[in-house]
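Written out below as structure tokens is the structure these notes cover.
The values are calculated or read from the model by the stated rules, or taken from the named source; none is laboratory data. All values derive from a computational prediction rather than experimental measurement. Note that we place each Cβ from the backbone using ideal geometry, even for glycine, and neighbour counts take in every protein chain shown.
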């Protein structure tokens, strides 16, 4: 990661260097992301079916599901509350001048209009469209796009429950198949992670050379500080819960989840990081497979603690910059709209900005300033997206450990290596 940053900084000093990074280095980062996305859907299908089938009792599944979703909702509300507290403590929007605002807008206006159009399509749906969109009409079509992860999870849960409801002797062949498939996919994760240093270097170098107008970042320094401070406080909350409730040291936790955090930071995608998150939580944090197989895929879809915190800060920041007063009622609206918007949000880069538009419109932010506000945020969205995605997957790992602790499914770590069976080569 550091080497990629250095290469990007050196290359950005010359026009030829920028072109070289984009043409000859960035593609290796794109390959890394594609490899992770390649196995995301197969991993969810294999691991979630295996996890449900291993429960052997549908009552255990209902207990696991309700417990997981309830904890995710609580942590998201805590994240939103931290975000609101931090942004009002720093008040970053009060320091932006009209001149700086105009420069930020001109640099990002086209992208802002495109994002607003995307959010408008999402908001034009009926109130129950979220539930309708959970149910796929064609599982093969749903599985063909990582953005449809919630539809895949719905089908897999439905399939897994049905597997529990048929006689054990008839379910055994299918269960054995998915057990084997799950082991193969996890081995693919191990092999892909051997390529991770190259992929991360390429992604960091490309990010540096593609970041334009660096002077604009100075104008948004206080906003960025507010977001980062809030995310660090959320990370501290996870550490506190892991230390006090789960009984694991912060060093053990971060050593276990660290590689997944680095992948999340470099890809800005919870979905792309999911295979690594699941492997680290199970093998290096000691959470049993039946918990990991359910909690992590669901978390990648509905647990957006970092993104929700960012939305709280960004909403207040934009309102402050445009002198739009927020009442206590509006703050409560931000809390619950952001909470609901985070459920089913695409676990891909930039999804948080679409959710932000929904939150802004929920508090009746003037529509004529909406594009300007979003354009302002987009100037520093990419680096902040990297950090908040890291918090998102850290939250998934934390909740997995909490649920495992409650269900007695937390054991000693048992790491596996990519070449464990090399004698077969």
For the range 3-25, the count of residues that are surrounded by fewer than 19 Cβ atoms within 10 Å (Cβ to Cβ) and in contact (Cβ under 8 Å) with a residue 24 or more places away in the chain equals 7
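Return the only residue of 69, 6, 10 being under 30 Å from residue 177 (Cα atoms), part of a helix (DSSP H, G or I) and modelled with pLDDT under 90.
Working: 6 fails: under 30 Å from residue 177 (Cα atoms); 10 fails: under 30 Å from residue 177 (Cα atoms).
Every option except 69 fails the conditions.
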Go through the range 226-257 and report how many residues are surrounded by 14 or more Cβ atoms within 10 Å (Cβ to Cβ) and either closer than 22 Å to residue 374 by Cβ or in contact (Cβ under 8 Å) with a residue 60 or more places away in the chain (or both).
18
Result of the Cβ filter at 8 Å on the range 181-193, keeping first residues that are over 18 Å from residue 49 (Cα atoms) and partners that are at pLDDT 80 or above and surrounded by fewer than 17 Cβ atoms within 10 Å (Cβ to Cβ), at least 6 apart or interchain, is none
Going by what's in this entry, would residue 347 be described as at pLDDT below 75, out of contact with any helix residue (DSSP H, G or I) (no Cβ under 7 Å at 6 or more places or on another chain) and either under 25 Å from residue 133 (Cα atoms) or surrounded by fewer than 24 Cβ atoms within 10 Å (Cβ to Cβ) (or both)?
no
If I go through the range 283-298 residue by residue, how many of them are buried (at least 24 other Cβ atoms within 10 Å of the Cβ) and farther than 22 Å from residue 154 by Cβ?
2
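Yes or no: residue 248 in contact with a helix residue (DSSP H, G or I) (Cβ under 9 Å, 6 or more places away or on another chain), assigned to a loop (DSSP other than H, G, I, E, B) and either modelled with pLDDT of 85 or more or over 22 Å from residue 63 (Cβ atoms) (or both)? Before the answer, list the steps.
Working: in contact with a helix residue (DSSP H, G or I) (Cβ under 9 Å, 6 or more places away or on another chain): yes; assigned to a loop (DSSP other than H, G, I, E, B): yes; either modelled with pLDDT of 85 or more or over 22 Å from residue 63 (Cβ atoms) (or both): yes.
Considered against the rule, which asks whether it is in contact with a helix residue (DSSP H, G or I) (Cβ under 9 Å, 6 or more places away or on another chain), assigned to a loop (DSSP other than H, G, I, E, B) and either modelled with pLDDT of 85 or more or over 22 Å from residue 63 (Cβ atoms) (or both), residue 248 comes out as yes.
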Name the residue that is nearest to the chain's Cα centre (by Cα), counting only residues in the range 350-362 that are modelled with pLDDT of 70 or more and buried (at least 19 other Cβ atoms within 10 Å of the Cβ).
356
If only one of 242, 185 is modelled with pLDDT of 90 or more and either part of a helix (DSSP H, G or I) or touching a strand residue (DSSP E or B) at 6+ places or on another chain (Cβ under 9 Å) (or both), which one is it?
242
So for the range 31-39 (the condition being within 30 Å of residue 168 (Cα to Cα), assigned to a helix (DSSP H, G or I) and at pLDDT below 85), does at least one residue qualify?
yes
Select, from 159, 155, the only residue that is crowded, with 16+ Cβ neighbours inside 10 Å, without any contact (Cβ under 8 Å) to a residue 60 or more places away in the chain and within 18 Å of residue 51 (Cβ to Cβ).
155
For the range 252-298, how many residues meet the condition of being within 19 Å of residue 385 (Cα to Cα), assigned to a helix (DSSP H, G or I) and either out of contact with any helix residue (DSSP H, G or I) (no Cβ under 6 Å at 6 or more places or on another chain) or modelled with pLDDT of 85 or more (or both)?
13
Hey, residue 202 hits all of (1) at pLDDT 85 or above; (2) surrounded by fewer than 17 Cβ atoms within 10 Å (Cβ to Cβ) but one; which does it fall short on?
(2)
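State all residues of the range 205-239 that are at pLDDT 85 or above and either closer than 17 Å to residue 386 by Cα or touching a strand residue (DSSP E or B) at 6+ places or on another chain (Cβ under 8 Å) (or both); if no residue qualifies, say none. Before the answer, list the steps.
Taking the range 205-239 first, the residues at pLDDT 85 or above are 225-239.
Residues satisfying the conditions are 225, 226, 227, 228, 229, 230, 231, 232, 233, 234, 235.
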